[in-house]
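The values are calculated or read from the model by the stated rules, or taken from the named source; none is laboratory data. Treat the numbers as computed from the prediction; the structure is a model and nothing was measured. Heads up, the Cβs are rebuilt from the backbone with ideal geometry, glycines too, and the neighbour counts pull from every protein chain shown. Surface accessibility is based on the protein's heavy atoms, side chains included, excluding ligands, DNA and RNA. Shrake-Rupley method; radii C 1.70, N 1.55, O 1.52, S 1.80 Å.
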Amino acid sequence: LLSLATVSVFAIFALRPTLLTIAGHLREIEAKRKVVIELDLKIQNLNTAQTLFDRERQRVILVVSSIPKNPEPDVFLRQIEGVSVRHATSISSFSFDKILLVGQEDKEDKKEQKPDVLSSDVLSFSLTTTGDYPSLLGLTTDLENLRRPINIKTLIFNSRKTESAKILSVSVEGQAHYLRELKEGGI
């Protein structure tokens, strides 16, 4: 009986680590099954997102092109010229405020921003154009509906008489937006 008891005690102590290891492996297997289920769900969601993105690709391209990552004053000026030509108005003057096209801007000019967020910058402009009233009205409407979002700060209609005719003009001051991605250590 004593030998049987001794063998039983030693058997319990010998089998205990093995049983604990088996229990640990079963817990790991269950945890990995949960991870596999979650990964399958994520893969399914990514496939759904890819399908939606493929379906809306043209709209995404329009959104990306409407808010450029650089000021692109030349592209903006061509849009303004196109609107002016469409409405048969004559641009008397057009100017931009200070624009940083290449390099880094002075740190004193900008407020301190977190380097891991996107920053919206503005391209300030001033436009004066002349034409008849319906053309000027159409031009201002099209300016508001440009693909690139702009804020019109001031819009002034002027009228003056000359010896031969009455001249109407519109002066617009506004801002066109663009996004630039800030990286660590600056722009």
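Within the listed set VAL36, VAL122, VAL85, the residue fluctuating most in the Gaussian network model of the chain (springs between alpha-carbon atoms under 10 angstrom) is VAL36.
Computing Rg and the Kirkwood Rh from the Cα coordinates of the chain gives a ratio, Rg/Rh, of 1.48.
At 1.4 Å probe radius, can you tell me the per residue accessible area of the chain in Å²? Mind showing how you got there, number by number?
Values: 14250 Å² over 187 residues.
Per-residue accessible area for the chain comes out at 76 Å².
Among PHE53, PHE96, PHE13, the order of accessible area from largest down is PHE13, PHE53, PHE96, computed with a 1.4 Å probe on protein heavy atoms. Computed in the context of the full set of protein chains, the accessible area of the chain at 1.4 Å probe radius has 58% of its extent on carbon or sulfur.
Using C-alpha positions alone, give me the convex hull volume of segment 1-57 per residue in cubic angstrom. Can you show the working numbers first?
Values: hull volume 2.5 nm³, N = 57.
It comes to 43 Å³ per residue, whole-number rounded.
Paramagnetic label reach from LYS98 (point 7 Å along Cα→Cβ; backbone nitrogen cut-off under 19 Å): within segment 119-150, residues 120-126.
In the chain, helices alone account for a calculated mean residue ellipticity at 222 nm of -17000 deg cm²/dmol, with every DSSP H run of four or more residues adding -39,500 (n - 2.57).
Using a 1.4 angstrom probe on the protein heavy atoms only, line up SER84, SER92, SER164 by accessible area, largest first.
Numbers: SER84 5, SER92 75, SER164 110 Å².
Most to least solvent-accessible, the answer reads SER164, SER92, SER84.
Taking the Cα centre of the chain as origin and charging only Cβ (+1 Lys, Arg; -1 Asp, Glu), how large is the dipole, in debye to the nearest 20? Could you put the intermediate results ahead of the total?
On the way: 25 positive and 24 negative charges, 117 e Å.
The calculated dipole for the chain is roughly 560 debye.
Note on GLU30 and THR141: their simple-model spin labels are 6.9 nm apart, each label 7 Å out from Cα toward Cβ.
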